[in-house]
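Report on the structure given below.
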Amino acid sequence: MRSAPSTTRNRPHEALSQDTPASRYTSSPGPYQRRLPPLEYPAHFLVKKVTTVGTIRFQRRLLYLANSLVDQPIGLEETDDGIWAIYFNTVLIGTMDERDGIVHG
């Protein structure tokens, strides 16, 4: 019968010249911002605010994006005829074909 693995392991910190990670830690010199600046999208984007259940309304459709985006503005950019890219800030989070309303990505 095998014994349970040990939950504590001693590992050498060769990359740190045997120092511990805590001994090398330094705090960030920059100030911590309690609130991020508001997101801005290019003027040609359609901007929507994500609802409390992670959805947006688009052309009479309710589209689910993500609960993690609640109350955040997202930007939609038409990239082809009826094809929309969906962005959170500068991150492409998906695409959607307005003909079927399915979000991909």
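In table form, for the structure just shown:
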{"quantity": "Qualifying residue in segment 73-81 (condition: surrounded by 11 or more Cβ atoms within 10 Å (Cβ to Cβ) and assigned to a loop (DSSP other than H, G, I, E, B))", "calculated": "no"}
{"quantity": "Extreme residue, farthest from Ile102 (Cα to Cα), among residues of segment 26-58 that are touching a residue at least 24 places away in the same chain (Cβ under 8 Å) and charged (D, E, K, R)", "calculated": "Lys49"}
{"quantity": "Among (1) in a helix (DSSP H, G or I); (2) at pLDDT 90 or above, the one test that Tyr87 misses", "calculated": "(1)"}
{"quantity": "Strands (runs of 3 or more DSSP E) fully within segment 1-68 counting 1 or more residues that are at pLDDT 80 or above, open to solvent by less than 80 Å² (accessible area, probe 1.4 Å) and in contact with a Leu (Cβ under 8 Å, 6 or more places away or on another chain)", "calculated": "46-49, 55-58"}
{"quantity": "Any pair with Cβ under 9 angstrom, 6 or more apart, that starts in segment 77-89 at a residue that is of a type in the set (Asp, Glu) and ends at one that is modelled with pLDDT under 95 and surrounded by 13 or more Cβ atoms within 10 Å (Cβ to Cβ)", "calculated": "Glu78/Glu98"}
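The values are calculated or read from the model by the stated rules, or taken from the named source; none is laboratory data. Model, not experiment: these values are computed from the prediction. Ideal geometry is used to build each Cβ from the backbone, glycine not excepted, and the neighbour counts take in all protein chains shown. All accessible areas refer to the heavy atoms of the entire protein, side chains included, with ligands and DNA or RNA removed. Shrake-Rupley method; radii C 1.70, N 1.55, O 1.52, S 1.80 Å.
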